[in-house]
Amino acid sequence: QSNVTVYGVADTYFGYGKYDDNKFTGVNSSGLSGARLGFKGSEDLGNGLKALFTLEYTLSLDKNEGVGTGGARQQFVALQGGFGFLGLGRQYAPGYFVNKYDATAGSSALSPQIQLAKAAKATIDAGSGSRFDNAINYKSPSFGGLSVNAIYSFNETNQDDDRRSNDKLGLGLEYKNGPLAAGLTFQQIEGGDDRDDQKEWMLGAAYDFGVATVLGSYQQVKDVIGKAGNTDKIVQIGAVVPAGSGKVHVAWGKLDADQGSDYDVKSWVLAYTYPMSKRTTLYTGFLRNDNGSLTKQTNLASNKIDGADVFGEDSDNFVVGVRHTF
Amino acid sequence: QSNVTVYGVADTYFGYGKYDDNKFTGVNSSGLSGARLGFKGSEDLGNGLKALFTLEYTLSLDKNEGVGTGGARQQFVALQGGFGFLGLGRQYAPGYFVNKYDATAGSSALSPQIQLAKAAKATIDAGSGSRFDNAINYKSPSFGGLSVNAIYSFNETNQDDDRRSNDKLGLGLEYKNGPLAAGLTFQQIEGGDDRDDQKEWMLGAAYDFGVATVLGSYQQVKDVIGKAGNTDKIVQIGAVVPAGSGKVHVAWGKLDADQGSDYDVKSWVLAYTYPMSKRTTLYTGFLRNDNGSLTKQTNLASNKIDGADVFGEDSDNFVVGVRHTF
Amino acid sequence: QSNVTVYGVADTYFGYGKYDDNKFTGVNSSGLSGARLGFKGSEDLGNGLKALFTLEYTLSLDKNEGVGTGGARQQFVALQGGFGFLGLGRQYAPGYFVNKYDATAGSSALSPQIQLAKAAKATIDAGSGSRFDNAINYKSPSFGGLSVNAIYSFNETNQDDDRRSNDKLGLGLEYKNGPLAAGLTFQQIEGGDDRDDQKEWMLGAAYDFGVATVLGSYQQVKDVIGKAGNTDKIVQIGAVVPAGSGKVHVAWGKLDADQGSDYDVKSWVLAYTYPMSKRTTLYTGFLRNDNGSLTKQTNLASNKIDGADVFGEDSDNFVVGVRHTF
C-alpha cells in the first residue's frame with residue numbers, strides 16, 4: 001500500500017444557464033477542475049532513475065456513474081531520470097498545459113479559452129482533446145527554465161494501407177523564469193490519404209506583476225475536419241487579481257473565424273475564488289458566450305429547442321461551487 | 001494518501017429461489033448489505049468547519065463488472081459545521097435511512113419492506129430509489145435527539161418549459177433518544193405539466209426492549225407513474241432477538257393496494273445473522289413473497305416463463321452468505 | 001484504511017505486428033502481465049481463521065477506459081483456515097494457474113500456450129477463459145506439496161428446465177516440491193440439453209535445473225462449441241535461462257487439430273526480461289504464429305483485409321515494454 005497514493009479532486013457546483021428560451025438549473029460536476037480519482041506511485045531504481053505510474057479516472061459527481069465510466073484522464077507507466085521523462089500509455093498532450101496561460105486555469109465552467117477552442121474544434125485546450133491514447137511521451141529536463149514536451153499517439157488503425165490516419169502529434173516548448181511563464185505548443189491530427197492534416201499552434205504567456213498576474217494566448221487552427229481550407233484564430237487575455245483572502249479572475253477571448261464574422265464567437269468571464277484551506281476552494285463566476293449569427297457555442301443550457309439548433313444567441317452561465325482536492 | 005480512506009463492503013451469498021416452475025440457484029452479490037467500494041475523507045477548515053467528500057460505488061461481486069459499472073451510491077462534496085451538513089452531488093435521500101425501522105436493516109435479499117416497496121414502485125426504501133442525482137442536501141444538527149434532513153434533486157431537463165418535471169424532493173424528520181428511534185419521511189417526484197406528482201410518506205419506529213428490538217413502519221404511495229389516482233399502503237413489523245452469539249430477525253409486511261386485494265402482496269422473512277468478528281458476519285434467511293392473483297413480486301427466481309409474466313405465485317427465497325466490511 | 005491494500009500492475013508496451021499485408025504499430029496494455037488495479041484485505045477471526053476479500057479490475061492503460069470497464073479479474077469474499085480456502089464470487093479457475101508451466105508465465109503478448117488455447121477455444125489458459133462468475137471455490141491446504149483446487153460456476157439460467165447449461169466446473173491437482181512443480185487440470189462447460197459438455201484437461205510441469213528452468217504442458221479440448229465430436233491437442237515446451245542480469249525465455253508449441261493438419265497452428269517465442277528492480281521489469285520479445293492453411297490465429301495485426309478473413313499466413317509480433325507492479 002505504501003507503493004500507492006490515492007488522490008483526486010471532488011468538485012461540484014450549482015449552475016444556472018440560459019440560451020435563448022432554454023434554461024438550465026442544476027448540480028454539475030467539475031466546475032473549477034475536472035473531478036477525478038487517481039492512483040499513483042514511484043519506485044527508486046538507483047542511479048537517479050525512477051519508475052512512475054499514474055492511473056487517473058474521470059468522475060461525474062452529480063451522476064450515477066462509476067470510476068472512469070466517463071473515461072480515463074491518464075494511464076501510464078514511465079521512466080524518469082537525468083534524461084527526462086519517457087512514458088507509455090494514455091497521456092496529456094502539451095496542449096493540456098496551456099491552462100497556465102488561462103486566467104481560470106482551464107476551468108471547464110469558466111474558461112473563455114476552452115469555450116472558444118470547443119467552438120473551433122481545436123484540440124489545444126485543457127480538456128479531453130489534449131488526452132492522447134496509445135501514446136509515447138517524452139519530456140525533457142529543464143535547461144535554464146526551458147523544457148521540451150513531445151508526444152506521439154498511434155491510432156492503431158489495423159489495415160494494410162493508410163494506417164497513420166488519425167495519428168496525433170504534439171510538441172511543446174515551455175519557458176519558466178521567475179514571474180514569467182511562456183510556451184509554444186503545436187498539435188496535429190494526421191489526415192492520412194483522405195484529407196489534410198489538422199494543424200494547430202498556440203503561443204501563450206503569463207506574467208506575475210505582484211498586484212496581478214496577466215495571462216493570454218494566441219492560437220490558430222487549420223484544416224479542422226469538416227472545415228478544410230480554413231484557418232481560425234483564437235485570442236484571449238485575462239488577469240488574476242488578489243482581492244481580500246481570495247482572487248478575482250477576469251478573461252476575454254475571441255474566435256476569429258476564417259469564414260467571416262458571422263462565424264465569430266466572443267466569450268468573457270468574471271469569477272471569484274476563495275480558499276477555505278489549502279485543499280478546499282469556494283468559487284463563483286459568470287461566463288457569457290456572445291455568438292455570431294451562425295454559431296451556437298453554449299455551456300450549461302442546450303442550444304436546441306424542439307430538436308432544432310438555435311444560432312446566434314448569448315449563452316449566459318452562472319455557477320457557485322466547491323472544489324476539494326485530496 | 002492520509003487524506004483518503006478506502007472502505008467498502010464485500011458481500012456475497014449462495015441463493016436458491018423458486019417462483020412457480022422457475023428455479024434459481026447461484027451466487028449473488030449484496031445479500032445483507034450493498035457491496036461497495038468507497039473513498040472518503042475530511043479536512044478541518046478551522047472554526048468547527050469541515051470539508052468532506054465521499055465517492056462510493058456499487059459492486060457486483062458475482063459478475064464481470066468494474067467499479068461502479070452498476071452505478072454510484074454516493075458522490076458528493078460537503079461542508080459540515082455547527083449549522084449542520086450541506087452537500088452537493090449524488091446523495092442519499094431521507095428514504096434511504098428507513099432501514100432503521102426494518103428488522104433486516106434494509107437487506108436487499110431479506111427485507112419485506114424492500115420487496116413491498118418495489119412491488120408498489122415506492123422510492124422510500126433503502127435501495128436505489130433513494131439515491132438522488134444532481135442533489136443539494138441539508139442535514140441539521142441534532143436538537144435534543146431531533147434532526148431534519150432535506151434534499152432537492154434537479155432533473156436538469158434542458159428545455160424552455162416544464163423544466164421541473166421529474167425533479168425530486170425529500171424531507172425527513174428523525175428522533176433518537178435512548179432505546180427509541182422514530183422518523184417521518186416524505187418524498188415526491190415532480191409530475192410537471194404531464195401528470196400528478198408522485199407523493200410518498202412513511203412513519204417508522206424502532207424500540208430496543210433489551211430482550212428484543214421491535215421495528216415497524218407504515219407508508220403511503222400516491223399517484224405512482226402509471227397508477228394515477230391510486231394510493232397504496234405498506235405496513236411492516238418485525239423484531240430482532242439476540243440468540244446465542246447471533247441474532248434472529250423476523251419481519252412481516254403487507255402491500256394494501258388501492259385497486260383491491262388481487263393487487264395486494266404479503267412478504268415475510270426469518271433470518272439469522274452471526275458475527276464472526278466486528279467486520280465479518282455470516283447470514284442465512286428465508287423470505288417469502290405471497291402474491292395476490294394479479295401481482296408477481298419475486299426476488300431470486302424470474303417471474304417469466306417462456307417470456308410471459310406469471311402472476312399470483314409464491315416467491316420463495318433461501319440465502320446463506322457472508323458480509324465483510326472494510 | 002489499514003484494512004485495505006491497494007495494489008496492481010501497470011504494464012504497457014510498444015508493439016509491431018504483421019499478418020499478410022496488415023500491419024499494426026502502436027502502444028498496448030498488458031504485454032507481460034494483465035494490467036490491473038486491486039483492493040484486498042484480510043481480518044483475523046481467531047482460532048486460525050481469516051476472512052479475506054479481493055476486488056481486482058482489468059485496466060487498459062492505452063485507452064480511454066475506467067476501472068473495470070473491461071471487466072473484473074477477481075471479486076470475492078472468502079474464509080481461510082486449517083481446512084483450506086472457501087470463496088464466493090468471481091474467481092480464478094484452476095486453469096488460470098497453468099502459467100506456472102509456461103516459459104512466459106502467461107504473457108498475453110508472448111505466450112504460445114495462450115495463442116494456441118485461443119485458436120482451439122480452450123478455457124485452460126492464464127486468460128479470461130479461466131475467470132468464473134458466480135463461483136464457489138475451494139482450495140485445500142498443501143499435503144506434503146500436494147493441493148487440490150475445485151470451483152463451480154453457476155450460470156444462473158433462470159428457467160424452469162435445462163438450468164445447468166453453461167455452468168462451469170474446474171478441478172486442479174497441484175504438486176510442488178523443491179525444483180519440481182506439476183499439475184493436472186480439468187475444466188468443463190455444461191452443454192445442458194442442447195449439446196455435449198465441453199471437456200478439457202491439461203498436464204503441466206516445470207523443473208528448475210539451476211542453469212535453466214524447463215517447462216511444458218500437454219492438453220486436450222473435447223467438444224468445443226461448434227466443433228462437436230472433435231478432440232484437439234496442444235503441446236508446448238519452453239525454457240527460462242538466466243542471462244546476465246536478466247532472463248531469456250523461449251517456447252514452442254503446436255495445436256494438433258482433430259480435423260487435420262490444415263487446422264493445425266504452431267507458435268514460438270523468443271523473449272528477454274530485464275528486472276530494473278523487484279517491481280519494475282523491462283521486456284522485449286518476438287512471437288510467431290505459423291498458421292495452417294485454414295487457420296488465422298493472429299495477435300497484434302488483424303486477420304481481416306477489407307472485411308474478409310485471411311487464412312494461413314504467419315502472424316509476426318514484436319514487443320518492447322515495461323511492467324511495473326505496485
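Quick note: the coordinates plus some simple rules give every number you see, no bench work behind them. Fair warning: this is a prediction, and the values are worked out from it, not measured in the lab. A quick note on method: Cβ atoms are made from the backbone with ideal geometry, for glycine too, and the neighbour counts reach across all protein chains shown.
For this structure, a couple of remarks:
- If you take the alpha carbon atoms of the protein assembly as shown and fit the smallest convex hull around them, that volume is 181 Å³ per residue.
- Rotation relating A and B, chain B residue nearest the axis via C-beta, angstrom: B:Val67, 3
- Separation of alpha-carbon centers, region C:82-139 and region A:58-133, rounded to whole Å: 37
- Residue order, fewest to most beta carbons within 10 Å, for C:Asp133, A:Asp21: A:Asp21, C:Asp133
- The Rg/Rh ratio of region A:132-182, with Rg taken over Cα atoms and Rh as the Kirkwood radius over Cα pairs, comes to 1.20.
- Gaussian network model of chain A, springs between alpha carbon atoms under 10 Å - residue of A:Gly48, A:Gly170, A:Gly66 with greatest fluctuation: A:Gly48
- Working note: Karplus 6.51/-1.76/1.60 with θ = phi - 60° gives region B:26-43 the couplings x, 10, 10, 9, 6, x, 8, 9, x, 5, 7, 10, x, 9, 9, x, 8, 9 Hz, where Gly and Pro are set to x.
- Per-copy distances of the C:Leu203 label point, shortest first, in nm (7 angstrom along Cα→Cβ): 7.6, 7.6
- Convex hull of Cα atoms in region B:227-309, direction-averaged projection (nm²): 7.7
- Separation between Cα centres of region C:199-258 and region A:219-268, rounded to whole Å: 61
- Here is how far apart the B:Val235 label points are across copies: 7.7, 7.7 nm, shortest first, using a point 7 Å from Cα toward Cβ.
- Viscosity 1.306 mPa s, 10 °C: Kirkwood-radius Stokes-Einstein D of chain B over Cα pairs, µm²/s: 76
- Calculated [θ] (222 nm, deg cm²/dmol) that DSSP helices of n ≥ 4 give over chain C, each run adding -39,500 (n - 2.57): -1000 deg cm²/dmol
- Rg/Rg_ref, region A:125-255, where Rg_ref = 2.2 N^0.38 Å and atoms are Cα: 1.27
- Using a 7 Å projection from Cα along Cα-to-Cβ, the label point at B:Asp262 is separated from the same position in the remaining copies by 6.4, 6.4 nm, smallest value first.
- Simple Cβ-charge dipole of chain A, Lys/Arg +1 and Asp/Glu -1, about Cα centre, in debye nearest 20: 1240
- Averaged over the residues of peptide B:125-137, the number of Cβ atoms from other protein chains lying within 10 Å of each residue's Cβ is 2.
- Each Cα pair under 8 Å and six or more residues apart adds its separation to the average, and for region C:166-300 the resulting relative contact order is 13 percent.
- Couplings for region B:314-326, taken from phi via the Karplus curve 6.51 cos²θ - 1.76 cosθ + 1.60 with θ = phi - 60°, read 7, 9, 9, 9, 10, 9, 9, x, 9, 10, 10, 9, 9 Hz in order; Gly and Pro are left as x.
- Subset of C:Lys100/C:Lys139; B:Lys168/B:Lys199; C:Lys23/C:Lys233; C:Lys40/C:Lys176; B:Lys222/B:Lys304 violating a 21 Å alpha-carbon distance limit: C:Lys23/C:Lys233; C:Lys40/C:Lys176; B:Lys222/B:Lys304
- Couplings 3J(HN,Hα) of region C:232-238, computed from phi: 8, 10, 10, 10, 8, 9, x Hz, in residue order, whole Hz [Karplus 6.51 cos²θ - 1.76 cosθ + 1.60, θ = phi - 60°; x for Gly and Pro].
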